[in-house]
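**Student:** My structure is below; once you've seen it, I'll send some questions.
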Amino acid sequence: MNNMNDRRSKQGCAGFRAMSRRDLITAGSLSALGLSMGDWFRLQAAEKNAAFTMASGSKKEGKALSVIQLHLGGGMQQQESFDPKPEAPVEIRGQFGVTRTNTGDYLSENFPRAAKAFDKMTVIRSLMGKIPDHGQATYHLFTGYTPTAVIDYPQMGAVVSHELGKRTDLPPYVAIPKKHGFAGGTGFLSSAHGAFETGSDPGGRNYKVRDFSIPEGTSLKRVDRRLAARQIIEQRIRNLEADPGKLNTMDGFYKQAYSLLTSPKAQAAFSLDDETEETKLLYGSEITGLNKRHRKGLAERLIVARRLVEAGVRFVTVTYGIWDCHTDVKGSSLDQMPALDAAIAGMVTDLEQRGLLDTTIFWVTTEFGRTPKVNRDGGRDHHARCYSNLIAGGGFTRGQMYGTSDAIGAEPAKDGLPLEDLLFTIYHQLGIDANKELLAFGTRPIEIIDGGKLAKGLLA
């Protein structure tokens, strides 16, 4: 990731380059077991924000069981992707043609594979954001709220974790390779609902999930002995003076860490070892950007995401690319879109072949779009009033262009869709009522989504 960070520092506008990550949970080494994963789980339970709310007692499973969110940070250009304007003047339409989808609609010529699989997905061309600022728009996308100085709101993945809990021993919310720096965190929910970050790129040569293995030189038998010793010590502390509630919580999360470390199923969910070359090629693993500014790896990231939802993870966020294109929008498109095109087509095809598309929402996001007119540097600037997302599976329509933008792509012309309505609808498909009020600061009720409503036209 260091190389990517170096590249990012030289690309995009100042607001995008100044990505300030929130302080992440830092877990020290587990003294008895030598497993920092255990500390990660423990801190999730122990580190509670001042504002905390309990989830409702009953869990309602929706039509969809999981979400895979592919986030394209920086603001992807809709004119060169999902909403081309072939009849507009060249300064509007750009330098690409179009390709016909298998449903008779059009995408940019940069998406030939997605066009052939379009009957499995829907493109939203009339999405409406609020602020054309990277940080605030990203936060809005991930939480449903614009940032305030008063309340920190939880990410969608954290809310899903809070409301629905775990399906298996795996964390309910995973970020590959890490969560977006502008996306916020658990907000007023417990840190227990934060994203588990792989910390390593599945597309890299030395992919290894951070702290997800027994330390080198430590046998499983030795781990068992150390776990037994820890349990003896903690029982003695219980018998003396310590708070049994806290110790029980700690002990429970150490057991979760131990379970993950010793579970072949959990280990396999993060692995690519048994994936065929055919599957990797389906996702476009062989594709490299023409200018090689962006390294390969999207295919592998999405394959791991699919494996995780197969194993029971509820919400997976995958980040890819640098899409802030104030200069040379053509070069940025040629560099990144071939891999994106293949990955989108591969994901929806693979999910359907495995019988997962009906229960998995695949959602391609970006925090805003780009201006209708190409600027004097050959790029496009920030534009939040009308842009595009792609969504597939989980009970959403298939083969639909939802909404339309006007002739130049500046404003919605039909079925304008506020971002809050889209988030509300995704929650609905997961079985979560986004009108539900959670308690911040223990006393202040806050709706999961403020003012959102169901977009019935998006549902099959």
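**Student:** Give me the pairs, please: first residue somewhere in region 429-457 and on the phi > 0 side of the Ramachandran plot, second residue anywhere and polar (S, T, N, Q), beta-carbon distance under 8 Å, and either six or more positions apart or on two chains.
**Tutor:** From residues that are on the phi > 0 side of the Ramachandran plot, the pairs are Gly442/Thr53.
**Student:** Against the definition (β-branched (Val, Ile, Thr), closer than 26 Å to Gly184 by Cβ and modelled with pLDDT of 95 or more), how does Val318 come out, yes or no?
**Tutor:** yes
**Student:** How many residues does region 188-200 contain that are assigned to a loop (DSSP other than H, G, I, E, B) and buried (at least 21 other Cβ atoms within 10 Å of the Cβ)?
**Tutor:** Residues in region 188-200 being assigned to a loop (DSSP other than H, G, I, E, B) and buried (at least 21 other Cβ atoms within 10 Å of the Cβ): 6 in total.
**Student:** Name the pairs whose Cβ atoms lie under 8 Å apart, with the first residue in region 402-419 and closer than 20 Å to Gly144 by Cα, the second aromatic (Phe, Trp, Tyr), and 6 or more positions between them or separate chains?
**Tutor:** Hits for this filter: Asp415/Tyr402; Leu417/Tyr402.
The values are calculated or read from the model by the stated rules, or taken from the named source; none is laboratory data. This one's a predicted model, so the numbers in the text were calculated from it and none came from an experiment. Cβ sites come from the backbone with ideal geometry, for glycine too, and all protein chains shown count toward neighbours.
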